[in-house]
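The values are calculated or read from the model by the stated rules, or taken from the named source; none is laboratory data. These numbers come from a predicted model, not from an experiment. We place every Cβ from the backbone using ideal geometry, glycine too, and count neighbours over all the protein chains shown. We work out accessible area using only protein heavy atoms, side chains counted, and drop any ligands, DNA or RNA first. Shrake-Rupley method; radii C 1.70, N 1.55, O 1.52, S 1.80 Å.
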Amino acid sequence: MRQEQVYGELHEALKTIVSYLSEEWNKRNNRATPSGVLSGIGFDQIDPYLITYGFIVRGLIERRNRKTYLTRVGEEALNRIIEIAEIIREDSLFPDLDRGKILGATLYALYDWQNSYRTGEEYLQYLEKIKAKILEIKKTSEEKFKLLAVLLPRIKLDEGYTLEKLLEGVLHLET
């Protein structure tokens, strides 16, 4: 397969992800554009492509008849990411008219950077656990939740730092 073809297919898959996120976000009476979502994904230009490749490997995206589609599990995973973004949005201190940047930032934070989950189903279970922990923090401490809502879409996950470490750190803070 030629390099241009691989890049083209990866780019098409990325467009599928950001288009789905922005369309679903807009259905929920929020504002987003695909470019707005894309602008929030990560800290390096390669981050959106790494996430897209991971989605393909885990079976969240597939290619049929020269077109790229989200699988059922892919749609469910992106819907969980949207739900988490909605939970933290109000307290995240992102501008009201961020055009979907909070979605991209949430996608980045919720991606499995440690490659712990080999399948889409495992990744979906991970997202459910993360969502449950976030809701637990929101229920138990407004202060801790506000801190989490500000940090989650802004953390750079590298050098072994994980979202789980952030959640545990916030959960065990003395208030």
Among (1) surrounded by fewer than 16 Cβ atoms within 10 Å (Cβ to Cβ); (2) assigned to a loop (DSSP other than H, G, I, E, B), there is one condition His11 misses while meeting the rest; what is its number?
(2)
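Please enumerate the residues belonging to segment 38-55 that are open to solvent by 40 Å² or more (accessible area, probe 1.4 Å) and either in contact with a helix residue (DSSP H, G or I) (Cβ under 7 Å, 6 or more places away or on another chain) or over 14 Å from His11 (Cβ atoms) (or both). Working first, answer last.
Of the residues in segment 38-55, the ones open to solvent by 40 Å² or more (accessible area, probe 1.4 Å) are 38-39, 43-46, 49-50, 53.
Matches in segment 38-55: Leu38, Ser39, Phe43, Asp44, Tyr49, Tyr53.
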Look at segment 24-66 and say how many of its residues are in contact (Cβ under 8 Å) with a residue 40 or more places away in the chain and assigned to a strand (DSSP E or B).
2
From the list Arg89, Arg80, Arg58, exactly one residue is among the charged types (D, E, K, R) and open to solvent by 70 Å² or more (accessible area, probe 1.4 Å). Which is it?
Arg89
Let me spell it out: the conditions are (1) farther than 17 Å from Arg154 by Cα; (2) of a type in the set (Asp, Glu); (3) touching a Lys or Arg at 6+ places or on another chain (Cβ under 8 Å), and Glu121 meets all of them except one. Which number is the exception?
(3)
With (1) open to solvent by less than 40 Å² (accessible area, probe 1.4 Å); (2) within 18 Å of Glu23 (Cβ to Cβ); (3) assigned to a helix (DSSP H, G or I) as the list, and Asp98 as the residue in question, which single condition is left unmet?
(3)
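Kindly indicate which of Leu157, Leu151 is modelled with pLDDT of 90 or more and under 18 Å from the mean Cα position of the chain (by Cα). Quick ask: steps written out before the conclusion?
Details: Leu157 fails: modelled with pLDDT of 90 or more.
Result: Leu151 is the single residue among Leu157, Leu151 that is modelled with pLDDT of 90 or more and under 18 Å from the mean Cα position of the chain (by Cα).
Report yes if some residue within segment 85-96 is more than 23 Å from Leu167 (Cα to Cα) and not β-branched (Val, Ile, Thr); otherwise report no. Walk me through how you get there before you give the answer.
The first filter runs over segment 85-96 and keeps only residues more than 23 Å from Leu167 (Cα to Cα), leaving 95-96.
So of that shortlist, the ones also not β-branched (Val, Ile, Thr) come out as 95-96.
Within segment 85-96, one or more residues are more than 23 Å from Leu167 (Cα to Cα) and not β-branched (Val, Ile, Thr).
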I need a count of the residues in segment 143-175 that are open to solvent by 60 Å² or more (accessible area, probe 1.4 Å) and assigned to a loop (DSSP other than H, G, I, E, B).
8
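Does Lys129 count as farther than 22 Å from Ala32 by Cβ and crowded, with 17+ Cβ neighbours inside 10 Å?
Working: farther than 22 Å from Ala32 by Cβ: yes; crowded, with 17+ Cβ neighbours inside 10 Å: no.
So Lys129 fails the test.
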